[in-house]
Structure formats: C-alpha cells, structure tokens
Amino acid sequence: MISFKDFIKQLPETKGYETLNIYKASINPFQDSWVFLFVQENQDKLLVSGRIQNEFEGESFVDDGLSYKIAPLTHANANALRLLFPFTKPISVLDKPRSFGLGDRLGIAGKGHLQIINNYDCYPVLAQQSIRELNMTNRSYEDVLDKASFSVFREGYKKGFGADGDHLKTASDIEYALSLGFTMITLDCSEHIRDDVLNMSVEQIIRLTNINSSLIGKYLNKEIIIEGIELKFTELDLRRAMLVYQNAIDYSKKIYDKYISKSKTKVGFEISIDETSTPTTALEHYFVANELLLAGVKIDTIAPRFCGEFQKGIDYIGDLFQFENELKLHAAIARHFGYKLSIHSGSDKFSIFELIGKYTKGHFHVKTAGTNWLEAMKVVSICNPNMYRRIHKYALSKFNDATKFYHVTTDINKIPDVDLIADECLVDLFKNNDARQLIHITYGYILNEKDESGKYLFKTELYKLWKKEEKLYADELSKHIGNHLALLYKGFN
Ligand code: ZN
C-alpha cells in the first residue's frame, strides 16, 4: 500500500497534500487505500478511494489509474462509515464507571466535546436528544447520530461514545432509536408516576392501595440495611411508594421485556423518574429498584428526582446539606443494586459536582444539553454583538410562550437592556442566571423563526457564524465542560 503522502500527490485536483484542507486526524487506511475528511467549498466531505468507494454515494473521479470518490456527509455515507470503521458506531457506555451526556442540539459541538473528553477516562454520550429537542430543532435521530459519527471520525477519537434516546416515553420512539443503533434508552416514566399523592390524605392512600403478605415480608418485616444505614418503611411509606411508582415499574418491565432484553447488541437501560414534582425519597428509590430487580428488569442507571431544583443551564438551587445527605443514600442504594446514579439537568450544577463524584465513588452518569447551546450563543455575543442583540430581543418576546415547556424561575426584568451594554460586555450576560435561562428556553423559537418570505430569521446566519468560529466555540465549550468534569473528578480522586 502506498503512503498517504504519495497517495495525495496522485490526486490531480489537489495539487499535492499541502493545498488540500484535510482534517489530519481523520486520515485512516482501509485495506488497499485511504479515507479522510477534508473541506471543499466550506463543507466537510469524505474522500474515499480503493475498493470500498462502492459503499459510498458521491461523485467518482478516475485519473491515471487512480480512482476515488468525493462523498457528502449524508446518512447513507454515515452508515457506510459506521460499517467500515467501528469506532464511528456508538457503543454501550452506561456499564462503564463514568459516562457523561453531551446533548448537542446544533450538531456542531463534537470538536469541543472531544477536545476535553480526551483528557478523562469518561465515556461521552455524543448523541443524546429527547423527542422534544428533535421537534424544537427540526432534527431527526438519523441526523443526531450521523453528526456524532462524523465528528469522531474527523477528530480521530477512537475510544468509543454512546447514543442515548433521551427521555423516550413511547414504544414507537424506542423502536425508532433502536432501529438506528442507539445504544442507550432513557425511559421517561413521568406519565406513569402519580404526582398527586403528596397532597392525598392518609385515608385516600389506604383506600387506593392493597398490601399483601409478600409486600409485608419484603418491606415491613425485614431489616433493610444498606452500607450500614437502616431503611425503615412504615406501612404508609410503603403504600405511598406503591401508589406513586407501581405503574412506572410495570411500564418499565413491559419496555424492558419487549426491547432491551431482546436486543442483539448491548443497550444501556436508564429509568428516569426525575421529571415529576415529587422528589424521590431513599425509601422510594429502594422500593423501585427492588421491585425492578424482582421483576427481572436489569437497569444500568436510574435518574431519581433529587430534592431542591435542577433548573436548566444554571447552578443547583436548594439546601446543600439536605442534598448531600440524600445523595449519600441514593448513591448507596444504587451501589447495592449494582447500577449507577444518573444526574439529569446536569448543566452548570457546579455547587454539587464534587459531592456527586464523592458519594458515587466515581460511578456516575451526568447529562448536559442546554449548556452546550448556551456556549454557542456566547460565541455569538462575542463575535457578532449586533446579531446577539437582535436574537436576545426576539427571545424576550417569546419568553412567556417558552415557559410552557420548562420550569424556570427566570425574572426577565433583572436582565439588563442589551442596547445599553457595550459590545465587549455582552458576554457577561452568560454569567447572569436570568439571561442564561432566557436564551436557554427559547432555543426552539430562535432556531425556527422565519421571515415573511419563509427564510430563517436567524438560523442560517447563526450556522454560518458557528462554522467560521468553529475553533472559538470548541475552545469555549471544552473549557466549560472541563469545569464540570474537573469538579466531578475532584470528588473521588
Ligand atoms: Zn431528566
């Protein structure tokens, strides 16, 4: 096989290696030839030569006996790449000690994410979107997965990454994600969790639940000790746990039996009980885990609803002392049953990361998403202040509508007037929680708004800027996600 330098010299268009804008980390040999990514007319494209070019769609060239294909970054070509280069295919990561979800709503964050994750023994979930996010961004799971595959190929990242069908509620959504090769399913049980039990009278709870001898044996007449801590159920605790979670447990079993246990490849299974207004007590966590175990459901992670508030894109709000005490118990219960705790809405929760690292003993899954979008908007505020001001004002006009989808305590009156802020100070808005949440929850509106002629009001311009400022975004993002990881690791190192 010829060397890459010699190979490049043969390409007539390229006039040699130096003039072609190649992503060096993407150069990979395959059998008799070479495959790599390069930039042509501002677009990333694949160049494929040798016998495998038949696997790709694109434009073929033949010159002096050398044939090659220039292949656009389509779904079919992503499939071909995943087949030929297994490191571009997602793997199951929840069974690793540490994994970190990096929801990339824009499909441009891979470079920054991989830049930082390379320094840690933590497995990234590069493809991680909920159906709500897909709808808000007009994307498909195909696109989300393809962007992740192309970015690991481009950056030469070969350690493995996960793909999470995040917060999926229905069987059809789960089938959709699994059919594409997603390696993790986060089952959102919120529609099967009773949120009204906290306000019920004792009589009501008793009327709605039946306790049999098996339950008494498992929870009331049994000494339950986890890492030296005794969990003591009263009859009311048990009835309440049943009422709140029994349907969610049954639903999880149904999904597990139908999809997860039958899957030919390993699929990580996460149970999410976090998107509800009822905090998960340690007793309830134990009850859910134990019932799942007895029902034969093997989970990899559970996302409880912790005390306090995990609002999007800002630090934890709540009593740190109480959080620490409850986290300690949740982490011990997870260890006891042999799975990891999953922390949702993990963007920017700087005051609790160290505690999470500490009490999980370095076994965790943490999910972020919104913060990656916020860093992209931060780049806009730095590079194009006027564009940022326009978007910011538009976001203010959509704020009320957006609060329908998210629980936030944003006070938009506390956000300074962008017209009175000097260009170089606009970036400081990203230290202001109210401004962060404003931009955070309006992303769908910002990306979808069109003018009278049907053209995107911001989206096209935004992507152009992000492409141009790719390096700045990657650097800012890697620094910011790095701050998350450094604290998590500090907790157990
Ligand atoms: Zn969640």
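Bear in mind that the values in this text are calculations on the coordinates, not laboratory data. These numbers were taken from a predicted model, which means no experiment stands behind them. Please note: Cβ atoms are built from the backbone with ideal geometry, for glycine as well, and neighbour counts cover all protein chains shown.
Using 0.36 nm per residue, how much length does the chain from THR265 to LYS24 gain when fully extended, once their Cα-Cα distance is taken away?
That works out to 83.6 nm of additional length.
Among 433-441, 294-302, what's the highest-first ranking by average C-beta atoms within 10 angstrom per residue?
The most tightly packed comes first, giving 433-441, 294-302.
With axes computed from alpha carbons, what is the tilt in degrees of helix 385-402 against the longest principal axis of the chain, rounded to the nearest 10 within 0 to 90?
30 degrees
Counting helices only, and only those DSSP H runs with n ≥ 4, report the 222 nm mean residue ellipticity of the chain as the sum of -39,500 (n - 2.57) divided by its residues, in deg cm²/dmol to the nearest 500. Could the numbers behind the result be given before it?
Numbers: 17 runs with 200 residues, N = 493.
It lands at -12500 deg cm²/dmol.
Looking at the stretch 1-145, how many pairs of lysines come closer than 20 Å at the Cα, when each pair is eight or more places apart or spans two chains?
17
Do you know the relative contact order of the chain, to the nearest whole percent, from alpha carbon pairs under 8 angstrom that are 6+ apart?
On the way: 832 pairs, mean separation 65.1, N = 493.
This gives 13 percent for the chain.
I need the calculated FRET efficiency for the pair ASP257 and THR403, taking r as the beta carbon distance and R₀ as 41 Å, to the nearest 0.05.
0.60
Once both axes come from the Cα atoms, what is the angle between helix 459-468 and the longest principal axis of the chain, in degrees from 0 to 90, rounded to 10?
Its long axis makes an angle of about 70 degrees.
Once the convex hull of the alpha carbons of the stretch 372-480 is built, what does its volume come to per residue, in cubic angstrom?
Taking the convex hull of the Cα positions in the stretch 372-480, it is 103 Å³ per residue.
Pairs LYS298/LYS398; LYS159/LYS455; LYS349/LYS393; LYS349/LYS450: which are spaced more than 31 Å apart, C-alpha to C-alpha?
LYS298/LYS398; LYS159/LYS455; LYS349/LYS450
Output the 0 to 90 degree angle, nearest 10, between the alpha-carbon long axis of helix 282-294 and the longest principal axis computed from the alpha carbons of the chain.
Tilt relative to the chain: about 70 degrees.
Figure the gain on full extension for ASP250 and ARG390 (residue separation times 0.36 nm, minus the Cα-Cα span) and round it to one decimal in nm.
Roughly 45.5 nm would be gained on extension.
Within straight cross-link reach of LYS218, meaning Cα distance under 20 Å, which aspartates and glutamates are found once same-chain residues fewer than 8 apart are removed?
In chain and number order, the partners are GLU227, GLU230, GLU235, ASP237, ASP250, GLU284, GLU291.
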